[in-house]
Amino acid sequence: MPQFFFRSTDQDGFSAEDRGFEFLDSEAAIEEAKVALAEMAADGLPQEPVSMISIQVLDSNHVLVCEMRLVMEVITISAEPARV
């Protein structure tokens with residue numbers, strides 16, 4: 001079975017992708033990465049200054065297959081009408 005590695009980024013920085021996991025294919029690895037990202041979000045939403053958590057899936061040669069990100073963005077809406 002092919003081996004894949006996960007590299008995550010959160011408020012504490014990068015994790016090393018030193019441990020490989022076996023999956024049937026890249027789609028299965030990506031599905032597991034989605035679960036891992038959801039678990040990271042359950043531990044705490046992204047905060048400034050990074051405002052993002054992410055997980056990368058790398059193949060057995062440590063080549064990036066995909067990256068998933070969860071971004072916290074606050075969009076403020078002005079209550080004042082625009083002046084013309």
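The values are calculated or read from the model by the stated rules, or taken from the named source; none is laboratory data. Bear in mind the structure is a predicted one, so any value in this text is a computation, not a measurement. Reconstructed Cβ throughout: ideal geometry from the backbone, glycine too, with neighbour counts over all protein chains shown.
Among the residues making up the range 43-72, those that are modelled with pLDDT under 90 and on the phi > 0 side of the Ramachandran plot are 44, 51.
For every residue, the table says whether it meets (1) surrounded by 15 or more Cβ atoms within 10 Å (Cβ to Cβ); (2) of a type in the set (A, V, I, L, M, F, W, C); (3) at pLDDT 95 or above.
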{"residue": "4", "(1), (2), (3)": "yes, yes, yes"}
{"residue": "10", "(1), (2), (3)": "yes, no, no"}
{"residue": "14", "(1), (2), (3)": "no, yes, no"}
{"residue": "17", "(1), (2), (3)": "yes, no, no"}
{"residue": "25", "(1), (2), (3)": "no, no, yes"}
{"residue": "29", "(1), (2), (3)": "yes, yes, yes"}
{"residue": "34", "(1), (2), (3)": "no, no, yes"}
{"residue": "37", "(1), (2), (3)": "yes, yes, no"}
{"residue": "41", "(1), (2), (3)": "no, yes, no"}
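Does the range 56-70 include one or more residues that are within 12 Å of residue 6 (Cα to Cα), in contact (Cβ under 8 Å) with a residue 60 or more places away in the chain and not acidic (Asp, Glu)? Within the range 56-70 (the criterion being within 12 Å of residue 6 (Cα to Cα), in contact (Cβ under 8 Å) with a residue 60 or more places away in the chain and not acidic (Asp, Glu)), the answer is yes, since at least one residue qualifies.
Taking the criterion of being closer than 29 Å to residue 24 by Cα, in contact with a Leu (Cβ under 8 Å, 6 or more places away or on another chain) and surrounded by 12 or more Cβ atoms within 10 Å (Cβ to Cβ), the residues of the range 53-84 that qualify are 53, 54, 55, 56, 57, 58, 65, 68, 70.
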